[in-house]
1. Say whether the condition of being within 17 Å of A:M189 (Cα to Cα), facing another protein chain (nearest Cβ under 10 Å) and among the hydrophobic types (A, V, I, L, M, F, W, C) is met by at least one residue in the stretch B:49-61.
2. Please count how many residues of the stretch B:102-125 are without any contact (Cβ under 8 Å) to a residue 40 or more places away in the chain and more than 19 Å from the chain's Cα centre (by Cα).
3. Just to be sure before I move on: is B:L151 crowded, with 18+ Cβ neighbours inside 10 Å and under 29 Å from B:G39 (Cβ atoms) in the structure I sent?
4. For the stretch A:162-182, what are the residues that are more than 9 Å from every other protein chain (Cβ to nearest Cβ) and surrounded by fewer than 17 Cβ atoms within 10 Å (Cβ to Cβ)?
5. Residue check: is A:L201 of a type outside the set (G, A, S), within 14 Å of chain B (Cβ to nearest Cβ) and in a helix (DSSP H, G or I)?
6. Any chance the stretch A:267-290 includes a residue that's assigned to a helix (DSSP H, G or I), touching a Lys or Arg at 6+ places or on another chain (Cβ under 7 Å) and modelled with pLDDT of 75 or more?
7. If A:A296 satisfies all but one of (1) surrounded by fewer than 18 Cβ atoms within 10 Å (Cβ to Cβ); (2) in contact with a helix residue (DSSP H, G or I) (Cβ under 9 Å, 6 or more places away or on another chain); (3) among the aliphatic types (A, V, I, L, M); (4) within 21 Å of A:H28 (Cβ to Cβ), what's the number of the condition it fails?
8. Within the stretch A:122-139, work out how many residues are under 23 Å from the mean Cα position of the chain (by Cα), assigned to a helix (DSSP H, G or I) and buried (at least 20 other Cβ atoms within 10 Å of the Cβ).
Amino acid sequence: MVKKAVPFIALAALLVFPLVVKSDYYQHLMILVLMWVVIGSAWNLIAGYTGQVSFGDAAFFGTGAYTAGLLVTKLGWSAWWGLFFGGITAVLIAMPFGWICFRLRGAYFALATLALNEIMRHIATIWEKLTYGMLGILIVQTFASKLPYYYISLALAVISLITVRLVMRSKYGYYFLSIREDQDAAESMGINTHHYKMISLVIAAALTGVAGALYMNYMGFIDPHVVFSLHDISIMAILVGIVGGVGTQYGPAVGAFIMVAVQELFRTGGYGLISKLAKASGSETIISLSEFITKAHVMGFGILVVVAILFLPNGVVGDWNKITRLVLQKKIKGG
Amino acid sequence: MSLLKLDRAVKNFGGLAAVNNVSFEVHKGEIVGLIGPNGAGKTTLFNVINGFYSPSKGDVFFDGKKISGMKPHILCRMGMARTFQIVKPLKRLSALHNVIASAFVRANTRARAEEIAVEALKFTNLYDDRDVLSKALPIGKRKRLEIARALATQPALLLLDESFAGLNPSELNESIEIIRKIKEKGITILIIEHHMKVIMSISDRIVVLNYGEKIAEGTPHEIGSNPLVVEAYLGEAQDA
């Protein structure tokens, strides 16, 4: 009973959050969290539930972002149309890719998604006539306040969670899980595995493309290295999934929260703590070391993956019972 | 009338003919046993019939239609189901969900799929284990789960690949009973089995493979007294 109420309590808290916390900085972080809930849920659908691990979510994210940006610069439309067309263009990329690459299984498919990521980034860099290449795209944001962005992000996060939930409760959900567990068994059970893998990928790509369009609208600036980034988008999506809990409904939501916090912790060097300590010590070595740590958030991600896989293979949500047991035991021992 | 017909089916792997020029028919309502020493090509033949491999030469007909090269999922829709010798449960799903997933082939709603699944689980005496994760089931029950999953697709032809291997005597009797009940439902069965007592008692006819070729076909009685078969297959058993 309590567990069932948690999502609703969380939603209520998120609804009042920006009214209570007026700080632009924290509102900004929460917008990022909500955007990652969308991307993480999408990754979870194709990788967590359908078992087709993707290393190339940025391909769909960037496509969505560029669609939104180009609608403004080329057609003079509002970038908000990107929320619709960004999803569609991401699907248009996903369909031929999936049609060809779903012949590959397991790690080979994952490698193909990695290649797609890189191909899309190079296209965005080289095709300057369309994409402006490394200059990127700059648009004027619609709102000065963070509030509208916050609530739009929240709505998209809720929509993606509901989408995944509805899909997983239907025949499609059973088919996705069957494909994840055993492709040959699934085939012999009458499941057209190629077809259903495509459906899963298309839904995931659409959601990720929408998240990309949201990013364009909110940040106002994109370039190929930002939105087609392997480590900041594709790997981050995997981390959100793994840390939160692969193949769990709310894993990506929890994972998004943790990962944005971790990313921010690294980016700011423990909220400036490390550099302050380094300066206080006065030692050159420690100062340069602190700079290194601040820049090494990708390495921090790597360490986090190892830790998560070693101690929480099912993620925070999947291993929740294990975590509570550990905490309780410590309390008993300590008391 | 023949439900399944193989017409000089060949499956080559490089220079090796794993199945060589095999022809036989399975008639509606029959139980046909497929036997042969290890490596005779029985499972390869199943994979050819079931669509995991397409035949290198020759043809397979199901219900009068040529099916050579068709995919397993299409054949499943047409009414052909199979079990695997090395069981392939959907490990992280419960027994019930395993069977629901396969029942969706014949169901439009989740409720209808569950209805079919429950029926299949009761039929195979697995209903009490419906909520157990299939990776936690013992081998005997996993073998029956394979059968339940195949039955949930409501097949006309059921291909059973060593569904009796590794069972203890009481499980063996339980499974034989289930096979008899499946036949009573009017489902045709082609079964691979090493257990001679079982195959001799339940089969209407038996096809014997050796080195990929059919060396004999007939009633259990005829097969038991065929010198070729005794030499290739039963002879070994008598020596042991």
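The values are calculated or read from the model by the stated rules, or taken from the named source; none is laboratory data. Only a predicted model underlies this, so the values are computations on that prediction, with no experimental measurement involved. Glycine also receives a Cβ, built like all others from the backbone with ideal geometry; neighbour counts cover every protein chain displayed.
1. Checked against the condition, which is being within 17 Å of A:M189 (Cα to Cα), facing another protein chain (nearest Cβ under 10 Å) and among the hydrophobic types (A, V, I, L, M, F, W, C), the stretch B:49-61 yields at least one hit.
2. 15
3. Here the answer is no, as B:L151 does not meet what is asked.
4. A:I162, A:R165, A:L166
5. Here the answer is no, as A:L201 does not meet what is asked.
6. There is at least one residue in the stretch A:267-290 that is assigned to a helix (DSSP H, G or I), touching a Lys or Arg at 6+ places or on another chain (Cβ under 7 Å) and modelled with pLDDT of 75 or more.
7. Tallying (1) surrounded by fewer than 18 Cβ atoms within 10 Å (Cβ to Cβ); (2) in contact with a helix residue (DSSP H, G or I) (Cβ under 9 Å, 6 or more places away or on another chain); (3) among the aliphatic types (A, V, I, L, M); (4) within 21 Å of A:H28 (Cβ to Cβ), A:A296 fails exactly one: (4).
8. Count: 1.
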